Each structure stands twice: as C-alpha cells, then as structure tokens.
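First the structure, in the form of structure tokens, and then the observations on it.
Values in this text are rule-based calculations from the coordinates and carry no lab data. Here the structure is a predicted model, which is why all the values come from computation and not from measurement. Cβ sites come from the backbone with ideal geometry, for glycine too, and all protein chains shown count toward neighbours.
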Amino acid sequence: MTPCPVTADARIDLHAHSTASDGTLTPAELVRAAADAGLDVLAITDHDSTAGWAPAVAALPPGLTLVRGAEISCRWYDAQPPVALHLLAYLFDPEEPELSAELARVRAAREVRGERIVELLRADGVDLSWPEILAAAAGGTVGRPHIAQALIRAGLVATTTEAFGPDWLGQRYRLPKADIDVFRAVRLVRAAGGVPVFAHPRASRRGPIVPDELIVELAAAGLAGLEADHEDHSPAEREHVRALAARLGLFVTGSSDFHGTHKTVRLGAFTTAPEAYARIVAEAGGVTPVAST
Ligand code: AMP
Ligand code: FE
Ligand code: FE
Ligand code: ZN
C-alpha cells in the first residue's frame, strides 16, 4: 500500500528550507507554518543536510504529510568553468554511508568557504565576524544567506537581494562551493533509495544554467523529475521544462523553495500535482513519507 496517499486536490509543496540550512523557521515552525498555509504535503529540503528531519517529524501537525528530503549542492564538470546546480533528493536513507559522507564533506567545505568569504570582506575593511556568523547559523548548513544577514546587521546593505548583488556575495566576494559531481550525486541518491529531481534547472538569474543535453544525460543516469514551477522560472521557462520532461519521461514538480524571511516567496506559492508525488513515493525505497496520526 502507498504510504500517506493524497486526494486529487491535495496541495503539495516539495521544496522548503528550515534553520537546518538557510531558512529562518525552525523545522518545527516550518511544519506548523505549512499546515497553517493549508498544505497537505510538505517536503523539508535543507541544503546538504537531513538534520531537520527528526525535529520536523516530532512537531508534525495533524493533516500534514512530511516528505523528508534535501537539496544537494552539485556541479557539472563538463562545462568550462563547471556549472553549479542543485539536486533535490527525496525519501533517501539518511544513513547510507557514501551519500551521508558526501553531505558531511560538503557541509564542512561550506564552513571553510564561508570563513574565506569573510576574510576577503575583512581584507577590504568590512568588519564582519566569522564566529558570530557561524553562531547565528546555529549548527545549520552555513551559506551566503547567513553572511548576507551579517551584512544587513552591519548596516552595509538593506536587503538580502542587495547582499547577493555583484558588489557583494553575487560576484565580488563570491567563492565556489566544494560540491558533488552531479552524476555521482544522482547515483548516490538512487543507491540510498532516494528520488532525484533537478531543482530550478532554468534559474538563470542565479548564475549559468546547463544545456538540455545534460538533462538528457542525467535522465539516462537515473534522474526522476524536473522542478518546473518555481519563482525563478518565467512562464516560458516553465513550459520549456515541462516539454523537456514530457520528452524524457520525467515528472515535473512545483514548489515554493521557501526560506522564511530570507526570501519573499510564501509556502505553497507553487505546488506539485498528486500524480508526481505518487511517482516519488512509488520510486522511493529509503524512508517513507510520514504523517501524524
Ligand atoms: P550558497 O549555498 O552559500 O551558495 O548560497 C546560495 C543560497 O542563497 C541559495 O540557496 C538561496 O537560498 C540564496 N540566494 C541565492 N541567490 C539569492 C538572491 N538573489 N536573493 C536571495 N537569496 C539568494
Ligand atoms: Fe537556500
Ligand atoms: Fe536551490
Ligand atoms: Zn532551495
């Protein structure tokens, strides 16, 4: 039997962040906010971490089904320079040794990179404190949004968007992350019983995007779906992703990529069809969705 079946009109949001990475709600607050937003299914997908899973499950409000997932920092190495991309992974076994070791490696590398970014800023006279930024991340996967918050607190920029502009973290003080080769990530997610979905594949305002040919290759390597409906995609881009998915036999998802107050998008701003959710559940073999009884 399929665990946690949903009705045809279910509201399903498969991409949200908590304080286990760069969101501003704790995992417990996140699941409560999802229920308050009228969602039936929420996926918690923190960057490179499953630390939010247990507290989210413990706080699950009645009526909400939780899909445990993560958003994995990946790179496509065949391009010059290599292109960074994000892979959503759903319902994988969090204890599968190879995948969990890779996630731990990426999290550790993010700390080194964050400290280097702060050193670059300090060398230019910007008085930020790395220990303070790390403390504010409170054990969650640290990222540029945490540095952006420090820039705001210091009065140097007014908004996160400004902090991600070219004068700051978007270019001048941007350093690459140590991420996972995307083909290896797809393989590891599948080996851990998870279902890999390419997050916001056409989000060009975040940086370079990959050609469709790579998505064709990834589909052959085990990719299951494409995130089509996302705030960083124009209507034309959403259609393009939908057509590509149909051609390759992949499902499409829609999701908010909620980050609390680090972004303006609301939970449930974009949603996923129950059929796509059903495919994720059917293909998964790591963990199951959970609902409070
Ligand atoms: P990092 O993982 O450290 O490279 O930081 C990337 C994260 O920053 C993404 O996951 C988003 O949450 C956030 N982000 C990226 N671009 C922007 C932007 N223009 N405005 C606000 N947040 C952004
Ligand atoms: Fe993020
Ligand atoms: Fe992302
Ligand atoms: Zn995300």
* Note, ³J(HN,Hα) from phi for region 29-42, Karplus 6.51, -1.76, 1.60, rounded to Hz, x at Gly and Pro -> 5, 5, 5, 5, 5, 5, 5, 4, 7, x, 7, 9, 9, 10
* **Helix 274-283 vs. the chain, principal-axis angle (Cα, 0 to 90°, nearest 10)** => 90
* Structure fact -> Most packed first (mean Cβ within 10 Å per residue), the peptides 150-162, 122-134 order as 150-162, 122-134
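Residues with beta-carbon under 12 Å from that of R153, excluding R153: net charge, scoring Lys, Arg +1 and Asp, Glu -1?
On the way: positive: none; negative: D127, E132.
Every neighbour counted, the sum reads -2.
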* Asked: Within a Cβ distance under 9 Å of H47, other residues only, what is the Lys/Arg minus Asp/Glu net charge?
  -> -2
* **Phi-based couplings in Hz for region 8-15 (Karplus 6.51, -1.76, 1.60; Gly and Pro marked x)** => 5, 9, 4, 9, 10, 10, 9, 7
* To do: Find which of T24, V112, A199 sits farthest along the positive direction of the dipole of the chain, computed with +1 on the beta-carbon of Lys and Arg, -1 on that of Asp and Glu, about the Cα centre.
  => V112
* To do: Using per-residue counts of other Cβ atoms within 10 Å, averaged over each peptide, order 265-275, 107-117 from highest down.
  => 265-275, 107-117
* Asked: Using a simple charge model, +1 on the beta-carbon of Lys and Arg, -1 on the beta-carbon of Asp and Glu, nothing else, what dipole does region 5-141 show about its Cα centre, in debye to the nearest 20?
  -> 60
* To do: With only Lys, Arg, Asp and Glu charged, each at its Cβ (+1 for the first two, -1 for the last two), find how big the charge dipole of region 97-174 is about the Cα centre; round to the nearest 20 debye.
  => 120
* To do: Answer with one residue from H240, F92, T264: the one whose Cα lies farthest towards the positive end of the charge dipole of the chain, charges on Cβ with Lys, Arg +1 and Asp, Glu -1.
  => T264
* For every other residue with a beta carbon closer than 9 angstrom to the beta carbon of A70, add +1 if it is Lys or Arg and -1 if Asp or Glu, then tell me the sum. => -2
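With each run of n ≥ 4 DSSP H residues scored as -39500 (n - 2.57), what mean residue ellipticity at 222 nm is computed for the chain after dividing by its residue count and rounding to the nearest 500 deg cm²/dmol?
Values: 10 runs with 109 residues, N = 293.
The per-residue figure over the chain is -11000 deg cm²/dmol.
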* Structure fact -> To the nearest 20 debye, the chain has a Cα-centred charge dipole, built from +1 on Lys and Arg Cβ and -1 on Asp and Glu Cβ, of 240
* Asked: In terms of modelled amide H atoms, which long-range or inter-chain residues lie less than 5 Å from the amide H of F92?
  -> V195, V287
* Using a 10 Å cut-off on Cβ atoms, rank the peptides 135-147, 180-192 from the highest mean neighbour count down. => 180-192, 135-147
* Shape call, region 1-84: gyration tensor on alpha carbons, a/c limit 1.5 -> prolate
* Asked: So how tilted is helix 182-191 from the main axis of the chain? Cα-based, degrees 0 to 90, rounded to 10.
  -> 40
